[in-house]
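Nothing in this text is a laboratory measurement; each read-out follows from the coordinates by a stated rule. Computed from a predicted structure; not experimentally measured. With ideal geometry, Cβ positions are generated from the backbone for all residues, glycine too; neighbour counts draw on all protein chains shown.
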Amino acid sequence: MNKDLILDIKNLNFSYKENNPIYKDFDLSLEKGQLVTIFGKSGSGKTTLFELIMGTLKPQSGSIKKQDLSLIFQDPYNSFHPTYSIIEQIQDVVKDDFTNQLIGFLKELNLEENLLNKKPHELSGGQLQRCSILRALLMKPKLLLVDEPTSALDNIIAYDVMKLLIKYLDSCAILLITHDEQMAKWCSDKIVRLEDNAKN
């Protein structure tokens, strides 16, 4: 696999029900520095694609090759354990010393450092989503899977967050799910419309 090729999906076929394929001979590739948006109505297979890439679902046929990845979930309350502090849950998955990067990311995400010592339920949805983004970036992924990352944020912060993710493209590729077509057109190198590929 080419070192700049971060994700390579070839001839992907997947269905939950016989004779009703969600993906049929689906191809997708991402290189370092690319941001590709997956766009489609509910039920078109957006989240299914992420699960196939992560390996929690197995394709009927075809191949998925990818480099190290991390995920930013749509609902941050499902991505953090309720009884541990944010910093404990960052330390659990980020093995390298991240002290130098941490301060810069906190500033760009408009987060106070003392929030990291709190538990998830003590933060607002917007604060927790930005902590989820912080954790994912500190993991230094080659592939960043981003599922509706700005749905819990107001418009100004949402675009600031996307600008930060775009800045991180120097070292990774981003696959984005969003219902915000204006956002998709603004930030994407390519938009994949699943209704053109999936059979529902």
Worksheet item: How large is ³J(HN,Hα), in whole Hz, for each residue of region 178-195 in order, when computed from phi with the Karplus curve 6.51 cos²θ - 1.76 cosθ + 1.60 and θ = phi - 60°, using x for Gly and Pro?
Response: 8, 8, 8, 5, 4, 4, 4, 5, 6, 10, 8, 6, 7, 10, 9, 8, 5, 5
Practice prompt. Of all alpha-carbon pairs in region 5-196, indicate the percentage at a distance above 20 angstrom.
Written response: 55
Discussion item. Can you compute the modelled spin-label distance between Lys24 and Ile156, with each label point 7 Å from Cα toward Cβ, in nm?
Written reply: 4.8
Worksheet, complete the sentence: Plugging the Cβ-Cβ distance of Glu113 and Leu57 into 1/(1 + (r/R0)^6) at R0 = 45 Å yields, to the nearest 0.05, a FRET efficiency of 0.75
Worksheet item: Cα axis of helix 155-167 to longest principal axis of the chain: angle in degrees, 0 to 90, nearest 10?
Response: 80
Discussion item. Straight-line reach only, C-alpha to C-alpha below 16 angstrom: list the aspartates and glutamates that Lys58 could link to, leaving out same-chain residues fewer than 8 apart.
Written reply: Asp8, Glu18, Asp25, Asp27
Worksheet item: What ranking do 13-22, 171-180, 49-58, 128-137 get when scored by the average of other Cβ atoms within 10 Å per residue, highest first?
Response: 128-137, 171-180, 49-58, 13-22
Discussion item. Going by average Cβ density within 10 Å per residue, which order do the peptides 70-78, 98-106 take, highest to lowest?
Written reply: 70-78, 98-106
Worksheet item: Which whole-angstrom value gives the distance between the alpha carbon centres of region 90-169 and region 177-196?
Response: 22
Item to complete: Write down the percent of antiparallel bridges among all DSSP beta bridges whose residues are both part of region 5-196, to the nearest 5.
Response: 40
Fill in: Crossing angle, helix 125-138 versus the chain [Cα axis fit, 0-90 degrees, rounded to tens]
80
Worksheet item: So how strong a dipole does the chain carry about its Cα centre when Lys and Arg Cβ are +1 and Asp and Glu Cβ are -1, to the nearest 20 debye?
Response: 440
Worksheet, complete the sentence: For Lys190 and His121, extending 7 Å from Cα along the Cα-Cβ vector and measuring point to point gives, in nm, a value of 4.5
Discussion item. Tell me the angle of helix 99-108 to the major Cα principal axis of the chain, expressed in degrees between 0 and 90 and rounded to the nearest ten.
Written reply: 80
Worksheet, complete the sentence: Counted neighbours (other Cβ, 10 Å), sorted fewest up, put Asp160, Asp97 in the order Asp97, Asp160
Practice prompt. In whole Hz, with x marking every Gly and Pro, tabulate ³J(HN,Hα) for region 38-48 from phi via Karplus 6.51 cos²θ - 1.76 cosθ + 1.60, θ = phi - 60°.
Written response: 9, 10, x, 6, 4, x, 7, x, 5, 5, 4
Fill in: Peptide ranges 34-44, 108-118 listed from the most packed, as the mean C-beta count within 10 angstrom indicates
34-44, 108-118
Practice prompt. Mind checking the full-extension length gain between Lys10 and Asn100? Use 0.36 nm per residue of separation minus the Cα-Cα distance, one decimal, nm.
Written response: 28.5 nm
Discussion item. Give me the percent relative contact order of the chain, please, defined on Cα pairs under 8 angstrom at least 6 residues apart.
Written reply: 35
Item to complete: Decide, for region 1-98, between rounded, prolate and oblate: order the square roots of the alpha carbon gyration tensor eigenvalues as a ≥ b ≥ c, take rounded if a/c falls under 1.5, and otherwise choose prolate if a/b is larger than b/c, else oblate.
Response: oblate
